[in-house]
Amino acid sequence: QVQLAESGGGLVQPGGSLRLSCAASGSISSIELMGWYRQAPRNEREMVATIRSSDGTNYADSVKGRFTISRDNTKNTVFLQMNDLKPEDTAVYYCKALVRRSTAGVVFHYWGQGSQVTGSS
């Protein structure tokens, strides 16, 4: 099995910054993609940012220029640096990883437990 452990959520004033971390552990051969998704009350879960093993990144239009995703492949960890946070960024943020548990094996999807991020004064 594979576990994703998130950290770094919290309350921040508008315009402030937070950094989320997500570390993957367990039976991992390779990680094809890691990313962050968020879900606000009464909304569907949406993609925030993803990063592939090739370091290719993808961002939601609403966070471009404010959020930066990065990864440390040696530690199977992904980060989300969030700057200039806005009240509309308030949501539960979930880490996601697409993992091969053996060489050339099937890709499994895993989710973290979720971290609350609140942008409010």
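At a glance:
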{"read-out": "Reachable aspartates and glutamates from Lys96, criterion Cα separation under 14 angstrom, eight or more residues apart if same chain", "value": "Glu6, Glu32, Glu46"}
{"read-out": "Convex hull per residue volume in Å³, alpha carbons only, for the stretch 5-71", "value": "117 Å³"}
{"read-out": "Euclidean distance of C-alpha centroids, the stretch 1-30 and the stretch 60-121, integer Å", "value": "7 Å"}
{"read-out": "Theoretical gain in end-to-end length, Ala40 to Val2 [0.36 nm per residue, Cα-Cα removed]", "value": "11.1 nm"}
{"read-out": "Length gained when the stretch Thr118-Thr74 is fully extended (0.36 nm per residue, less Cα-Cα span)", "value": "12.8 nm"}
{"read-out": "All-pairs Cα distance distribution in the stretch 34-121, expressed in whole percent, bin size 10 Å", "value": "16, 49, 27, 7, 1"}
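Quick note: the coordinates plus some simple rules give every number you see, no bench work behind them. Keep in mind that this is a model prediction, so the values were computed, not measured.
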